[in-house]
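I have placed the structure first, in the form of structure tokens, so that the comments after it can refer back to it.
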Amino acid sequence: MKKDEIIDFLKMQIQKLNGLLSDANSQIAELTARLSSMEGVLTKIDDSLSKEKNKNKGLSRLIENKSEQIRPTLSPEEFSTLEAARSIQRKQRKNNGAKRNMHPEMEVQEHTIYPNDPDFSLDKARIIGRKDENGAYPYRVSIRYECIPMRFIKHVYKIYTYTQGGKPYEGKAPKAAFLNSNFDASFLAGIMQLRYIYAMPVERIVNYFEDNGFSLSKATANGFIKRASELLENIHKGISAAVLQDDYITADETYYKILVPEQKAINGKGVRKGYFWVLIGVKSKLLYVLYDDGSRSETVILNKLANYNGTVQSDAYIPYKKLESKAYPNIQRIACLQHIKRKFLDCGDDIEAKLIVDLINQLYHEEHKHKIGIDEWTAENNLKWRKEYAPTILVQLSDELQRMKSNPNLLPKDDLTKAINYMLYEWGALVDIFSRGDTHLDNNLVERYNRYFSLSRRNSLFFGSHKGAERGAVLYTLALSCKMNNINFFDYLTDVITKTAEWQPNTSLEKYRELLPDKWKEKSR
């Protein structure tokens, strides 16, 4: 084909395409017009429906006697009674009929409010409604809840001295938290609550105080924490003794970053993991935190439990496993069923793993049918129940584990192999869970309280030294023991620091025993 012929051919194709494009534009214009027409029709239909809905609403209000036009036919007394009934109904409608929380625990201040219109005169006006049986006129109640942030009050005491019969008499100011201090126990308690319950780092506490009108340096705040831990050290020892007297303990350990001296580190300091050991007396509801230079060595926990007589529940960490040996004849160690279960959950969709998980869930299902303390169900009842349901399921578990372990296709490094071996490793301690009626199936209790350490780790970088971590162990012991007993940590510290501020350092631990959270709770009722 020659060049001119090719050009002519391309021109013809362009003309055809232009014609097709023109037809397509015409069709689009036609469809757009139809769409606009349909939108108009739909708008009219929607308007009609809205009018019909409004008519129906009006009719409904008339039928239910809720129309404003009916109100003038009611007497003032009837109208007031109707409004009171509606007010009660409005409070009950929240949360699908549940009653609104009226907060009876709060401080209440009552205020009388009169109309403030410029044309209103109380002397000329007549109140609507009749007096009730107590001689009071009806009124409408409206509630507002006010939040007052942390308040700081400077109390100035003017102390006078007198003489009477040759003997001098001098007034006394309230006790300070410690000698030569201008701060009372509530001030220390406020810092401790923010630090160890709400996991606020010291720097943030200082900023919070500043925002609420009190200037406090970080060094001073750290000094208060140090003094508080010193004042409460004997209570910490008292809790340790009380926990070791409980015949059922749950145990675990958790870590925190500690700033420690290191020769090659910047400024001569580096960060390392330090471990806190956490022991809970399940029956006493007391929690004890042990810190020994951050060591996770078995000697720390084994020395602490050397003379213990009772049951210890834990995971399979080697120091705990040693409690099963003949070296500790008075200790019965039991396993954590959740730790075992997690190993099989980590196997994903493996059918064999799911079979073991289902059998473990059966143990939980049967256990949850009863709860000690409810419907007069006792630990003795629970032990009898465990002897009924547990043996059959445990035999099934044992048979399945042995069958799976004998499978030649199971590789040594498979997750399922590791899970099976872990459960068999813990088998004796697992079975012993059911030898008592008052033990838990798992170690979740202590792990729940370890979350307070986890929360603090996210908010604070580290403890500044081993000494700082030791002080943390003292204060975490008290804070979490209060939490276990549903005690307000601020109220507890304020009271205890005030009472013990002038006690001598050699005061017996027996005297402090009455101030431990479990005893303090009973006396504060």
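The values are calculated or read from the model by the stated rules, or taken from the named source; none is laboratory data. This structure is a prediction, so every number in the text was calculated from the model and none was measured. Here the Cβ is made from the backbone with ideal geometry for all residues, glycine too, and neighbour counts use every protein chain on show.
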Inset, instruction - Go through the stretch 322-349 and give me each residue that's surrounded by 18 or more Cβ atoms within 10 Å (Cβ to Cβ) and more than 22 Å from Leu445 (Cα to Cα). - result: Tyr328, Cys347
Legend entry - One residue from Asp349, Asp293, Asp315 being in contact with an Asp or Glu (Cβ under 8 Å, 6 or more places away or on another chain), acidic (Asp, Glu), assigned to a loop (DSSP other than H, G, I, E, B) and more than 24 Å from Asn485 (Cβ to Cβ): Asp315
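Table: residues versus (1) surrounded by 11 or more Cβ atoms within 10 Å (Cβ to Cβ); (2) closer than 30 Å to Phe214 by Cβ; (3) at pLDDT 80 or above.
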residue	(1), (2), (3)
Lys51	no, no, no
Glu83	yes, no, no
Gln92	yes, no, no
Pro104	no, no, no
Leu122	no, no, yes
Arg140	no, no, yes
Ile153	no, yes, yes
Legend entry - The one condition in (1) charged (D, E, K, R); (2) part of a helix (DSSP H, G or I); (3) in contact (Cβ under 8 Å) with a residue 12 or more places away in the chain that Arg403 fails to fulfil: (3)
Inset, instruction - Could you give me the residue pairs with C-beta distances under 6 Å whose first residue belongs to the stretch 198-226 and is among the small types (Gly, Ala, Ser), whose second residue is at pLDDT below 95 and in a loop (DSSP other than H, G, I, E, B) wherever it lies, and which are 6+ apart or on separate chains? - result: Gly213/Phe152
Inset, instruction - For the stretch 185-200, indicate whether the set of residues that are in contact with an Asp or Glu (Cβ under 9 Å, 6 or more places away or on another chain), surrounded by 10 or more Cβ atoms within 10 Å (Cβ to Cβ) and of a type outside the set (Phe, Trp, Tyr) is non-empty. - result: yes
Legend entry - Test result for Ala469, out of contact with any strand residue (DSSP E or B) (no Cβ under 9 Å at 6 or more places or on another chain), small (Gly, Ala, Ser) and in contact (Cβ under 8 Å) with a residue 12 or more places away in the chain: no
Inset, instruction - Scan the stretch 291-318 residue by residue and report those that are out of contact with any Gly (no Cβ under 8 Å at 6 or more places or on another chain), crowded, with 21+ Cβ neighbours inside 10 Å and over 21 Å from Asp432 (Cα atoms). - result: Ile301
Inset, instruction - Determine whether Val278 is outside any loop (DSSP other than H, G, I, E, B), over 23 Å from the mean Cα position of the chain (by Cα) and of a type in the set (Val, Ile, Thr). - result: no
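Hey, does the stretch 369-378 have a residue that's in a helix (DSSP H, G or I), at pLDDT 95 or above and in the same structural domain as Leu430 (by TED's automatic domain parsing)? Walk me through it before giving the result.
Quick first cut of the stretch 369-378, residues in a helix (DSSP H, G or I) only: none.
So far as the stretch 369-378 goes, no, none of its residues is in a helix (DSSP H, G or I), at pLDDT 95 or above and in the same structural domain as Leu430 (by TED's automatic domain parsing).
Can you pull out every residue in the stretch 245-259 that is β-branched (Val, Ile, Thr) and under 22 Å from the mean Cα position of the chain (by Cα)? First the steps, then the outcome.
Keep residues of the stretch 245-259 that are β-branched (Val, Ile, Thr), which gives 249-250, 254, 258.
Selection gives Thr250, Thr254.
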Inset, instruction - Test Ala242 against the stated conditions and say whether it is closer than 23 Å to Tyr512 by Cα and in a loop (DSSP other than H, G, I, E, B). - result: no
Inset, instruction - At least 1 residues that are among the aliphatic types (A, V, I, L, M), closer than 20 Å to Leu461 by Cβ and outside the structural domain of Glu470 (by TED's automatic domain parsing) in each: list the helices (runs of 4 or more DSSP H) lying fully within the stretch 161-233 that qualify. - result: none
Inset, instruction - Could you please tell me which pairs satisfy a Cβ distance under 6 Å, a separation of 6+ or placement on different chains, a first residue in the stretch 424-435 that is at pLDDT 95 or above, and a second residue that is of a type in the set (Lys, Arg) and in a helix (DSSP H, G or I)? - result: Phe434/Arg386
Inset, instruction - Could you tell me whether the stretch 221-235 includes any residue that is under 24 Å from Arg451 (Cβ atoms) and among the basic types (Lys, Arg)? - result: no
Inset, instruction - Identify, from the list Gly274, Gly238, Gly281, Gly270, the residue that is surrounded by 14 or more Cβ atoms within 10 Å (Cβ to Cβ) and either free of Cβ contacts under 8 Å to residues at least 12 places away in the same chain or not assigned by TED's automatic domain parsing to the domain that holds Phe490 (or both). - result: Gly270
Inset, instruction - Kindly indicate whether Leu401 is assigned by TED's automatic domain parsing to the domain that holds Lys369, over 37 Å from the mean Cα position of the chain (by Cα), closer than 11 Å to Glu352 by Cα and aliphatic (A, V, I, L, M). - result: yes
Legend entry - Lone unmet requirement of (1) in contact with a helix residue (DSSP H, G or I) (Cβ under 6 Å, 6 or more places away or on another chain); (2) within 15 Å of Phe490 (Cα to Cα) for Leu216: (2)
Legend entry - Pair list, Cβ under 8 Å, 6 or more apart: the stretch 362-378 residue under 12 Å from Leu441 (Cα atoms), other residue small (Gly, Ala, Ser) and outside any loop (DSSP other than H, G, I, E, B): Leu363/Ala390; Glu366/Ala390
Inset, instruction - Determine which single condition Ser481 fails, assuming it passes every other condition in (1) more than 30 Å from Lys371 (Cα to Cα); (2) among the polar types (S, T, N, Q); (3) not assigned by TED's automatic domain parsing to the domain that holds Leu383. - result: (1)
